[in-house]
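The values are calculated or read from the model by the stated rules, or taken from the named source; none is laboratory data. All figures in this text were calculated on a predicted structure; none of them were measured in a lab. Cβ coordinates were reconstructed from backbone atoms using ideal geometry, including for glycine residues, and neighbour counts include every protein chain displayed. Note: areas computed on protein heavy atoms with side chains; ligands, DNA, RNA excluded. Shrake-Rupley method; radii C 1.70, N 1.55, O 1.52, S 1.80 Å.
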Amino acid sequence: MRRHLTWIFDLDNTLHDATPHIFPHINRSMTAYLREHLALDEGEASALRVHYWKTYGATLVGLMRHHGTDPHHFLWHTHQFPDLERAVAVERGLRHALRRIHGTRIVFSNSPIHYADAVLRLLRIEDLFDAVYCIEHTGFRPKPSLAAFRVLLERERLVPERSVLVEDTLGNLRAARRLGLKTVWVTRDLRSPGFVDAKIATVFALPRVASRMGNQR
């Protein structure tokens, strides 16, 4: 058993702010993909994208299930950024904050690996993580699928009770708790769900709660 905790970090809106530039671009790219490959108009494509995302946790899952879409083709074409460097907001102090978190650090994202690797490089933190798990590694099963979490836990031989998911999405945190993981919600929301062990406004505040969580049994 690992002596220290294993810290499992989401990527978008956890390690960086994806709301202003990244998510709008991805949504437009996915809608355009549906328009082209399913012969839909703009409104139909946008509505179907949102429907599959809400139903399955990722638009890709609905496309694979109902249209036989090649996941690699979809992920490559919907996660292209001509100017990713300008889209990713690099905040000073992120690297220092992460280095203060003792234990194994893993990125666990629903994004494709080529995108996750590029963002981590731009944030200058790619060397701080022991592993990066993306949707390709889980057989294209996105969080909050329990099967996706089990792939990570089994491949890394993690003990759930000694692992912490740091996330901005409640559904993913709820799934993690079902499997016995500790949970940290990155949010400014005023709610305090029972399956959340700690709330922080940004990942910069994580070192303040890390030692306390490490002492929990």
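Brief remarks on what is shown
- Checklist (1) of a type in the set (Val, Ile, Thr); (2) assigned to a helix (DSSP H, G or I); (3) under 17 Å from the mean Cα position of the chain (by Cα) applied to ILE8, failing item: (2)
- Across segment 87-113, the number of residues qualifying as of a type in the set (A, V, I, L, M) and either open to solvent by 40 Å² or more (accessible area, probe 1.4 Å) or under 21 Å from LEU146 (Cβ atoms) (or both) comes to 5.
- Output for segment 128-152, where each listed residue is open to solvent by 40 Å² or more (accessible area, probe 1.4 Å) and closer than 12 Å to ASN172 by Cα: PRO144
- Of the residues making up segment 194-217, those that are open to solvent by 30 Å² or more (accessible area, probe 1.4 Å) and either touching a strand residue (DSSP E or B) at 6+ places or on another chain (Cβ under 6 Å) or at pLDDT 95 or above (or both) are GLY194, PHE195, ASP197, LYS199, ALA201, THR202, PHE204.
- Number of the condition not met by ALA89 [criteria: (1) hydrophobic (A, V, I, L, M, F, W, C); (2) in contact with a strand residue (DSSP E or B) (Cβ under 7 Å, 6 or more places away or on another chain); (3) modelled with pLDDT of 95 or more]: (3)
- Scanning segment 35-49 for residues that are touching a Phe, Trp or Tyr at 6+ places or on another chain (Cβ under 9 Å) and buried (at least 17 other Cβ atoms within 10 Å of the Cβ) yields ALA45, ARG49.
- Selected residue (criterion: nearest to HIS67 (Cα to Cα)) from residues of segment 11-25 that are under 14 Å from the mean Cα position of the chain (by Cα) and either exposed (fewer than 14 other Cβ atoms within 10 Å of the Cβ) or without any contact (Cβ under 8 Å) to a residue 60 or more places away in the chain (or both): PHE23
- Check on ASP83, within 27 Å of LEU128 (Cα to Cα), open to solvent by 20 Å² or more (accessible area, probe 1.4 Å) and modelled with pLDDT of 95 or more: no
- Looking at VAL184, VAL159, VAL164, just one residue is buried (at least 16 other Cβ atoms within 10 Å of the Cβ), β-branched (Val, Ile, Thr) and over 18 Å from VAL132 (Cβ atoms), and that residue is VAL184.
- When TYR52, TYR56 are screened for being surrounded by 13 or more Cβ atoms within 10 Å (Cβ to Cβ), in contact (Cβ under 8 Å) with a residue 40 or more places away in the chain and among the hydroxyl-bearing types (Ser, Thr, Tyr), only TYR56 passes.
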